[in-house]
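Reading through the structure tokens given below for one structure.
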Amino acid sequence: QVQLMESGGGLVQPGESLRLSCAASGMIFSRTDMGWYRQAPGKQRELVARITQLFRTTYVDSVRGRFTISRDNRAGVVYLQMNSLKSDDTAVYYCNSYPAIDNSWGRGTQVTVSS
């Protein structure tokens, strides 16, 4: 059974940084493309960043140049470094495989950007 546990969220001011972590188990992590997703209040969940098993990365336009996704295959962890945070980045952040496994969403981690 796939289990995903996100951590690292918090309340920050605009322009500050956060680093999110997601520990994954129950999958062959090194062979799984992984993604960070977010869901803002009143909006649908969206894919923010993706990293393939070959470490290729892609980003949604709104975060490109500010966010960096990375992975540690030995530890089974995927990271999201978020810099220059904006109020529009406020959301609950989740990790999952890409494509996402519908019944494997974790609880997510709340990121709030506010002055």
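The values are calculated or read from the model by the stated rules, or taken from the named source; none is laboratory data. Note that the coordinates shown come from a computational prediction; the quantities given were computed from them, not determined experimentally. No Cβ is skipped: glycine too gets one built from the backbone with ideal geometry, and neighbour counts run over all protein chains shown. Note: areas computed on protein heavy atoms with side chains; ligands, DNA, RNA excluded. Shrake-Rupley method; radii C 1.70, N 1.55, O 1.52, S 1.80 Å.
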- prompt: Convex hull over the alpha-carbon atoms of segment 1-65: what's its volume per residue in Å³?
  reply: 118 Å³
query: Kirkwood hydrodynamic radius of segment 29-71 from all distinct Cα pairs, in Å?
result: 11.0 Å
- prompt: For segment 4-108, what is the charge dipole size about the Cα centre, in debye to the nearest 20, if Lys and Arg each add +1 at the Cβ and Asp and Glu each add -1 at the Cβ?
  reply: 180 debye
- line: Binned at 10 Å starting from 0, the alpha-carbon pair-distance distribution of segment 45-91 in whole percents comes out as 24, 55, 20, 1
- prompt: In percent, what relative contact order does segment 42-115 have, based on Cα pairs under 8 Å that are 6 or more apart in sequence?
  reply: 21 percent
statement: Projecting the Cα atoms of Gly8, Gln39, Val77 onto the charge dipole of the chain, where Lys and Arg contribute +1 and Asp and Glu -1 at Cβ, the residue farthest towards the positive end is Val77
query: Name the trypsin sites (Lys or Arg not before Pro) in segment 1-106 that are in a loop by DSSP and that have at most 14 other C-beta atoms within 10 Å, would you?
result: Lys43, Arg56, Arg74, Lys86
statement: From highest to lowest solvent-accessible area (probe 1.4 Å; ligands, DNA and RNA excluded), Ile69, Ile101 read Ile101, Ile69
message: Cα atoms only: what Rg and Dmax, in Å, come out for the chain?
response: 13.1, 41
- line: Ordered by number, the chymotrypsin sites (Phe, Trp or Tyr not before Pro) in segment 1-67 that occupy a DSSP loop and have at most 13 other Cβ atoms within 10 Å are Phe55
query: Who wins for biggest fluctuation among Ala91, Ala75, Ala40 in a Gaussian network model of the chain, springs between alpha carbons below 10 Å?
result: Ala75
task: Under 15 Å from the Cβ of Ser62, count the other residues' Cβ atoms, weight Lys and Arg +1, Asp and Glu -1, and hand me the total.
output: +3
